C-alpha cells in the first residue's frame, strides 16, 4: 500500500528532487517533462532542485551532493530516455550509488519515487521494462512507488517547451497535470494519467514519415547525408 511520504503543515516545506537522466548538453525531452512537473509542484509548496546524472558521476563531490539531495527530498522524480529497453548507463550508475548508500543508512524517512520515461519508438509500451526496473529499485531501497509514465515518440517534443509543441502534446500535458494533482495530494499517479501519457502523439504511419526528418537534416548539416543508410557491420 502507498504510504504518504510527507504530511502537510503550515510551517513545513516539502522537498522535490528532479533527476535528469539524459546526457544531452542542450535541453532534452526528459528535462522538459520533468521540469514541467517540478515547476508546477513548486507552486503547491514544494522546494525544487534539479540534478543531472551525467554531471553527478564526474566527481566524489558530485556523488556526495547527490546523496545529500536524495536524503532530504520528500519526492524524487527520475526522467530519462530509453536506451535499448533499459536505463541509460549514467542513470544505472547513479541509482547504484543511491542504493549502496541507502543500504548503510538506517534512518531513512518516507519518500516517494516517480519515473518518467520517453523513447523514440512510436509505441509507449517499449518503456515497460525500464519502468519495471525503476519500480523494483524503489521497492528495494525503501521508496514509496508513486508510479511511472511512459511516452512514445519523444522525438516529437525534441526538447521544446510543451506549450510550444501545441496540439500534439495535448495528452502529455493532461497526463502531467493529473500526475501533479495526485502528487500534491500525497497520492500515487492515477491510471488515467498513465493512459493519457501512453497515447500516440500522432498516427504511427505519420511518425515513420516525420521521424527521420531530423536525422536527414543533421546528416546534411554534417556532410554525411550519403552515408546515413550505410551498414558497415552488415555480414
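The values are calculated or read from the model by the stated rules, or taken from the named source; none is laboratory data. If you're wondering where the values come from, they're calculated on a predicted model, not measured in any experiment. So basically every Cβ, Gly included, is an ideal-geometry build from the backbone, and we count neighbours across all protein chains shown.
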> In this structure, is residue 77 more than 12 Å from the chain's Cα centre (by Cα), surrounded by 14 or more Cβ atoms within 10 Å (Cβ to Cβ) and either at positive phi or in the same structural domain as residue 131 (by TED's automatic domain parsing) (or both)?
Replying inline: no
>> I'd like to check something: does segment 26-40 contain any residue that is modelled with pLDDT under 95 and touching a helix residue (DSSP H, G or I) at 6+ places or on another chain (Cβ under 7 Å)?
In response: no
> Can you tell me which residue in segment 1-25 is surrounded by the fewest Cβ atoms within 10 Å (Cβ to Cβ), limited to those that are within 23 Å of residue 109 (Cα to Cα) and at pLDDT 85 or above?
Replying inline: 15
>> If I filter segment 139-163 down to residues being under 21 Å from residue 31 (Cα atoms) and in contact with a strand residue (DSSP E or B) (Cβ under 7 Å, 6 or more places away or on another chain), which single residue comes out as surrounded by the fewest Cβ atoms within 10 Å (Cβ to Cβ)?
In response: 145
